[in-house]
Ligand SMILES: Nc1ncnc2c1ncn2[C@@H]1O[C@H](COP(=O)(O)OP(=O)(O)OP(=O)(O)O)[C@@H](O)[C@H]1O
Ligand SMILES: [Mg+2]
C-alpha cells in the first residue's frame, strides 16, 4: 500500500496474507485457531524501507517469516519481483529466494558457533554460485570490509566478537548473494545504543550503495523514526495504519497509533508524551473483540465499532482502519 509507488518498482506485494496457528487448549478441548497475521496487504518498492511496529504479539515476526518465505501463508498471496511465490516454478524460486535475506535479533543464536567467519560467509556462495574457492574468499573479504570489519576477522569464530560485530557478520552473510530485500526482525534491539546507531547507519549506507529494500521490524520507535520511509502499524495481526513516516510520527490518525506513540519515548516528540494511554489489557489473539480489534481499548469507541471489522481505507493519503476516522481525525 505504497501510494506513490509505480508498479515497475514494486519488489514485494502482499495480498491479504494470513497465518493461522493451531493452539492446544488442554486435553478435552479441540485446538483453537489463532490468527497471527490476519489479512495483511502492502507493497514495498525496491530500495525503500517499510518499518513494522506494534506491541508484542501483534504478528510482526510472523509477517517477517512469511515475507522471507520461511513459512507459507495460510491464505493470501505474496509476490516478490512480480513472481507469485505459491505458483512459482523451481527456477523462479531459485532466482527469488536469494533475493530475500533475513537478519534476526540475536546474532549469538543466528551464527553457528562451530564455524569460522570464513565458512559462514563462504557457505551461501558455495551453494548458490559457481565461484571458485579463491573468488569466494575474495568476495567474503570484500564483504567484511563493507560491513566495517577487518581481514583478520575472517579466520575467527563468532564467540570472539562483540554483539555489534556479530550483527555485522550476520549482515555480511545476508549480503553475500546480493539480495534485493533484507527482512530485519529486531535486528538492532539487542545492541547497545551507540552500536545500534552504527549498525543502523550501515543498513542505510548499504541501502544507498546496493539499492536494498528493508522490511524493518522494531518495537523501538526512535529507531524506526531514524530508518523508515513508511511505517505499518499492526494490531492483533492486522494493519491499523500505514503511511509515510512523517505522517505517522507527526500526525498519527488511528487511535492505536496515537496511543503507541504517546507511550514510547522519542527524541523529537511532537506528540504529547504520556505514560500510557493503553489502559485496558491487550486482548488475547485467540479471542479478539468483535468488530474493531482495538475497540476495547479505544477512547473513541461507539457501539457500531463492535458491529463490523473496519476495512483499511485511504484517508487523507494514508491507510487507516477505523470506521470513525472521519469524525475523530
Ligand atoms: N509457531 C507458532 N505457533 C503458535 N502461535 C504462534 C506461533 N508463532 C507465533 N504465534 C503467535 O502469533 C502471535 C504473533 O506472534 P509474533 O511472534 O508474530 O508477534 P511479534 O509481533 O513478533 O511479537 P514480539 O514483539 O514479542 O516479537 C502471538 O500471539 C504468538 O503467540
Ligand atoms: Mg517478534
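Summary table
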quantity: Flag for residue 23 being in contact (Cβ under 8 Å) with a residue 24 or more places away in the chain and more than 13 Å from ligand 2 (Cβ to nearest atom); calculated: yes
quantity: Residue list for the stretch 179-193, restricted to those being surrounded by fewer than 19 Cβ atoms within 10 Å (Cβ to Cβ) and without any contact (Cβ under 8 Å) to a residue 60 or more places away in the chain; calculated: 192, 193
quantity: Lone unmet requirement of (1) at pLDDT below 95; (2) within 15 Å of ligand 2 (Cβ to nearest atom) for residue 66; calculated: (1)
quantity: Evaluation of residue 168 against (1) closer than 23 Å to residue 68 by Cβ; (2) modelled with pLDDT of 95 or more (one fails), failing number; calculated: (2)
quantity: First in the stretch 131-156 and at positive phi, second anywhere and part of a helix (DSSP H, G or I) and surrounded by 11 or more Cβ atoms within 10 Å (Cβ to Cβ), Cβ under 9 Å, 6 or more apart; calculated: 148/165; 148/168; 148/198; 148/202
quantity: Elements of type helices (runs of 4 or more DSSP H) in the stretch 237-329, at least 2 residues being over 18 Å from residue 221 (Cβ atoms) and modelled with pLDDT of 90 or more; calculated: 325-328
quantity: Candidate set from the stretch 216-236 (those that are more than 16 Å from ligand 2 (Cβ to nearest atom) and part of a loop (DSSP other than H, G, I, E, B)); member that is surrounded by the fewest Cβ atoms within 10 Å (Cβ to Cβ); calculated: 229
quantity: Pairs where the first residue, in the stretch 60-77, is within 17 Å of residue 95 (Cα to Cα) and the second is near ligand 2 (Cβ under 10 Å from one of its atoms), C-beta under 9 Å, 6+ apart; calculated: 68/185; 70/64
quantity: Qualifying positions in the stretch 193-242 - in contact with a helix residue (DSSP H, G or I) (Cβ under 6 Å, 6 or more places away or on another chain) and over 25 Å from residue 59 (Cα atoms); calculated: 195
quantity: Some residue of the stretch 200-215 being surrounded by 19 or more Cβ atoms within 10 Å (Cβ to Cβ), within 13 Å of ligand 1 (Cβ to nearest atom) and at pLDDT 95 or above; calculated: yes
quantity: Filtered residue count, the stretch 9-31, keeping only those that are assigned to a strand (DSSP E or B) and more than 20 Å from residue 77 (Cα to Cα); calculated: 2
quantity: Candidate set from the stretch 37-59 (those that are crowded, with 23+ Cβ neighbours inside 10 Å and within 11 Å of ligand 2 (Cβ to nearest atom)); member that is nearest to residue 258 (Cα to Cα); calculated: 54
quantity: Residue among 132, 106 that alone is modelled with pLDDT under 95 and surrounded by fewer than 20 Cβ atoms within 10 Å (Cβ to Cβ); calculated: 106
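The values are calculated or read from the model by the stated rules, or taken from the named source; none is laboratory data. Remember, predicted model here, so these are calculated numbers, not experimental data. We place every Cβ from the backbone using ideal geometry, glycine too, and count neighbours over all the protein chains shown.
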